[in-house]
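Below is one structure; the comments refer to it alone.
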Amino acid sequence: MTFAKHPQTPLQVLTAMALFAGLVGCGEAPRQEARPAPTVTVAKPVQRAIVDQDEYVGRFVAVESVELRARVSGYLDEVHFHDGQLVKQGDPLFTIDKRSFQNAVAQARANLDLARSNLTFAESDIARGRQLVRDRTITEQVFDQRTQTFRNAQASVAANEAALRQAELDLEFTDIKAPVAGRIGDRRVTQGNLVTGGAGGTTTLLATIVSIDPIRFEFTFDEAAYLRYERAGSGGKEMTGRDGNVLVGLRLIDETDFAHRGYLDFVDNVIDRSSGTIRGRAQFSNPGGMFTPGMFARVRVPGSPTYQALLVPDGAIASEQARKYVLVVDDGGVVRQKYVTPGQLDDGLRVIRDGLAAGDRVIVNGLMHARPGIKVNARELNAPASPAPKSGDEARAQ
């Protein structure tokens, strides 16, 4: 039996060739080009002399604060200032009606003149009495009476002199002047009101004055910090202590740098039982009057003696849960992970207290491309960049 042969069409031939090529290709593994090592920028830690700084929140307080109260009672006659004005020591502020006090001064002077006249007469009378008692014209008793009259006249003159001085003093007290230089608040009593004066507790408050320049800043720190300051300060170190004159920095709530400089001048003598803190005080110059009593600010005080520290850019430090670490490149170009203890910021760099050596090459750029254990192409910071490898098309074009 014979079978007839059917000629194959060109489409069937192409399909068979494609199927054969696919079967052959399945037996070969795909080739993968090796990726180049990622490039990172490394730098060695900066070595610098550092003083640890402690920061605290506090308030400004005035060096001098005075409540203006009258020393004599009377009706308020004049007010010589504008509310919130800066005043100098001795500037007139209030005037109480003087007329009754002027009359009191005139009456005291008249009484003094009368007493002096009586004293003059008594002095003449006793001078005559001395001669008469020697001549036995008057008795000793009469002379003793004249002597008593003379002494009473002397005492009357002294009493009336004191009364005159008090009357003149009361008249002077009708002019209320600024006892200190500073900024005065608003007036509490307007013109025409009765002012109660004196030294009792019912006197009338007229206004308040607070000094502006210099100004003090008060803050509190805990017992542990106090002990650290005292122990380091007693060793002759440049630390916060009771001796004062320690340079401190300050910044306001809308500032980023501790640009204002002052001196710590006082540490309290007791620790507060309720809070376990102790009060410290610094003094700052305030020529422009920007610092105001009651204003909040942050103060930075030295918290350690000077020591040599290693610093790295703050962006080179990464976090792993509660721990901090940096990535370094060893001599073989392999990335290693090092756990560190960071400290304060100093001029844009972060102090590393522990975990880093001076010769370590820390990755500062390219952290996204680096992982512990992989090999990288490390380039020193600020070193000239090496030319990038050319693509195959660029090489063929040359």
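Filtering the stretch 118-140 to residues that are in a helix (DSSP H, G or I) and open to solvent by 70 Å² or more (accessible area, probe 1.4 Å) leaves 118, 120, 121, 123, 128, 130, 131, 134, 140. Please enumerate the residues belonging to the stretch 316-329 that are touching a residue at least 24 places away in the same chain (Cβ under 8 Å) and over 18 Å from residue 349 (Cβ atoms). The one that is touching a residue at least 24 places away in the same chain (Cβ under 8 Å) and over 18 Å from residue 349 (Cβ atoms): 329.
Take the conditions (1) surrounded by 18 or more Cβ atoms within 10 Å (Cβ to Cβ); (2) assigned to a loop (DSSP other than H, G, I, E, B); residue 112 misses just one of them, which is (2).
Just so you know, in the stretch 177-226 the residues that are under 31 Å from the mean Cα position of the chain (by Cα), among the hydroxyl-bearing types (Ser, Thr, Tyr) and over 30 Å from residue 52 (Cα atoms) include one that is surrounded by the most Cβ atoms within 10 Å (Cβ to Cβ), and it is 211. In summary, residue 191 fulfils each of the numbered conditions (1) assigned to a helix (DSSP H, G or I); (2) more than 26 Å from residue 64 (Cβ to Cβ) with the single exception of condition (1).
Within the stretch 288-315, the set of residues being in contact (Cβ under 8 Å) with a residue 60 or more places away in the chain, surrounded by fewer than 12 Cβ atoms within 10 Å (Cβ to Cβ) and not hydroxyl-bearing (Ser, Thr, Tyr) comprises 294, 296, 308. Is it the case that residue 354 is surrounded by 14 or more Cβ atoms within 10 Å (Cβ to Cβ) and closer than 21 Å to residue 53 by Cα? No: the conditions fail for residue 354.
Scoring residue 160 on the criteria (1) touching a Lys or Arg at 6+ places or on another chain (Cβ under 9 Å); (2) open to solvent by 90 Å² or more (accessible area, probe 1.4 Å) leaves a single failure, condition (2). Tell me, yes or no, whether the stretch 360-374 has at least one residue that is among the β-branched types (Val, Ile, Thr), over 38 Å from the mean Cα position of the chain (by Cα) and buried (at least 16 other Cβ atoms within 10 Å of the Cβ). The answer is no; no qualifying residue exists. Residue 333 meets each of the listed conditions (1) within 23 Å of residue 53 (Cβ to Cβ); (2) at pLDDT below 90 apart from (1). Every listed requirement among (1) modelled with pLDDT under 90; (2) buried (at least 16 other Cβ atoms within 10 Å of the Cβ) is met by residue 283 save one, (1). Looking only at the stretch 54-101, how many residues end up being acidic (Asp, Glu) and either open to solvent by less than 30 Å² (accessible area, probe 1.4 Å) or not in a loop (DSSP other than H, G, I, E, B) (or both)? Within the stretch 54-101, residues that are acidic (Asp, Glu) and either open to solvent by less than 30 Å² (accessible area, probe 1.4 Å) or not in a loop (DSSP other than H, G, I, E, B) (or both) number 5.
So which of 2, 39, 9 ends up being among the hydroxyl-bearing types (Ser, Thr, Tyr), surrounded by 10 or more Cβ atoms within 10 Å (Cβ to Cβ) and modelled with pLDDT under 90?
On the way: 2 fails: surrounded by 10 or more Cβ atoms within 10 Å (Cβ to Cβ); 9 fails: surrounded by 10 or more Cβ atoms within 10 Å (Cβ to Cβ).
When all the criteria are applied, what remains is 39.
A single member of 336, 371, 298 is closer than 19 Å to residue 41 by Cβ, of a type outside the set (A, V, I, L, M, F, W, C) and touching an Asp or Glu at 6+ places or on another chain (Cβ under 7 Å), and it is 336. Confirm whether residue 104 is in contact (Cβ under 8 Å) with a residue 60 or more places away in the chain, in contact with a helix residue (DSSP H, G or I) (Cβ under 6 Å, 6 or more places away or on another chain) and not in a strand (DSSP E or B). Yes; evaluated as a whole, the condition is true for this residue.
The values are calculated or read from the model by the stated rules, or taken from the named source; none is laboratory data. Since we're looking at a predicted model, the values are computed, not measured. Note: ideal-geometry Cβ built from the backbone for every residue, glycine included; neighbour counts use all protein chains shown. These area figures cover heavy atoms from the full protein model, side chains too; ligands, DNA and RNA do not enter into them. Shrake-Rupley method; radii C 1.70, N 1.55, O 1.52, S 1.80 Å.
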